[in-house]
1. Pop the C-beta distance of residue 154 and residue 365 into the FRET formula with R0 = 41 Å and round what comes out to the nearest 0.05.
2. Can you work out ³J(HN,Hα) from phi for every residue in region 24-35, in order, using Karplus 6.51 cos²θ - 1.76 cosθ + 1.60 and θ = phi - 60°, giving whole Hz and x for Gly and Pro?
3. Treating only the Cβ of Lys, Arg, Asp and Glu as charged (+1, +1, -1, -1), what charge dipole size does the chain show about its Cα centre? Round to the nearest 20 debye.
4. Would you mind working out the magnitude of the charge dipole of region 242-384 relative to its Cα centre, with +1 at each Lys and Arg C-beta and -1 at each Asp and Glu C-beta, to the nearest 20 Debye?
5. For n ≥ 4 DSSP H runs only, could you compute -39500 (n - 2.57) per run for the chain, divide by its residues and tell me the 222 nm figure to the nearest 500?
6. What's the whole-number percent of alpha carbon pairs in region 282-388 lying beyond 20 angstrom?
7. Can you count the Lys pairs in region 8-72 with C-alpha separation below 21 Å, eight or more apart or on different chains?
8. Can you work out the Karplus-derived ³J(HN,Hα) for every residue in region 219-232? Use 6.51 cos²θ - 1.76 cosθ + 1.60 with θ = phi - 60°, whole Hz, and x for glycine or proline.
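No value in this document is a laboratory result; all are computed from the given coordinates. Note that this is a predicted model, so its numbers are computed, not measured. We place every Cβ from the backbone using ideal geometry, glycine too, and count neighbours over all the protein chains shown.
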Amino acid sequence: MINFDDFIYNKARVPDNATEKTEFFKNLEQQFQDEIANSEAAKEYFKHYSAISISGFINSFARQKISLAQSYEYYERLYNENETLELGFQNRAEELLDIILQKKLFNMQLLWRAGKLNIEGVDIAYDFEFWESNIASCPFIAPIEEHEVEILKDFLLHSNDYDEMLEYSYSEWQDYDTIMEKDKYGLPDDMPAWYDFYDMRMGTSALLILPNTKGDKENYYLECNAKAIQINNPPAANAAPDDSRPYLMGYGEELYKFANSCETDAHFVALFKYYDYANKKEDRLSGDDITFAVDTLSNADRPIYLSGHLKWADAIIEAANKYKATKIAEALDSAFEEYQLRRDLGISGNQTIAEIRANNFRDTICQHYRKAILNGRKLCGEPEDFNY
């Protein structure tokens, strides 16, 4: 097991001052990008992939290295911990509180898109997707309240959407376009079950019919910008043939594979291994469902009864899911107490709000949208700001 006491980016060796720390990691990210671009091993690795994907991949890999350097203790602990079943339920309850925050943020997004709410630090729709990934540290969401925890308990105990509530598998909590896409009856087709349940109990369903005023304007400005780029940069008559090599994606397992092949720092090799483990931790092959279900039930702290109307395998899986949901619901009170304690102490993860906001501003996707929207407004003879 690798020791992180001598990790070059151990927290003891990183500046404590928030401003200095932000500058330190900003410079380090550029250093990582330069190291990859000049690495012979990386150049050889990239030969197998489409040339247009390499620059974006390098940026993504460097950003992920920064994230791992900032959160190395979390990934080390996640990989090495041998959770008891009870601790697993407690940890899941703490994680599941985040979906309350996700719903509160989505409701704010609906109001923002309708022009009924201004939020400091939110200029474009993509900002909501950024804060989705930093939900526990989001500074402008109202704190979780006790009655919302009770609603979440009821959801756990009465919903059958086990993937969403037990595995936290839904990964697009702020993806407005996907969530609001209508089915043939004119209803949202991909609404998380938790969102429906929350709206029903909180009476917030009316927010779903608010107009997407800001979103529509953004799309118009983006379209104007795209047309201008196309006019000013017509395809060359002797354009190079299409690159048939696969596109190198800058996330998930592709980052781990690259690190395994080209990373020279043993600590980062280990951290990318932990990162890959974290990404796959909740993945379950269908053939293993019975094994996990039996293991869960064999450690149950109460009698468990199977439904008589189901096939034996389905009955075992259903019973295990219901038991897990019950145990997580029971752990929510202590998880909420921990949440309140962290909130009162001002603890919000491994980064300060200022550092997270700086990451938002530097985010390449965010920069792209901001620049494109502002240019679109300029082309329309409108002010180059986000007051639309």
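1. On the way: r = 36 Å, r/R0 = 0.89.
The calculated FRET efficiency here is 0.65.
2. For region 24-35, the Karplus-derived couplings read 4, 6, 5, 5, 5, 4, 5, 4, 4, 4, 5, 4 Hz, x marking Gly and Pro.
3. Numbers: 40 positive and 69 negative charges, 195 e Å.
That gives a dipole near 940 debye.
4. Values: 19 positive and 24 negative charges, 75 e Å.
Computed about the Cα centre, the dipole is about 360 debye.
5. Working: 18 runs with 236 residues, N = 388.
Helices in the chain give a 222 nm mean residue ellipticity of -19500 deg cm²/dmol.
6. Working: 3836 of 5671 pairs.
The calculated P(r) of region 282-388 puts 68 percent of pairs beyond 20 Å.
7. Working: 11/21; 11/26; 11/65; 21/65; 26/65; 43/65.
Counting lysine pairs in region 8-72 gives 6.
8. 4, 5, 5, 5, 5, 4, 5, 5, 5, 5, 5, 5, 5, 7
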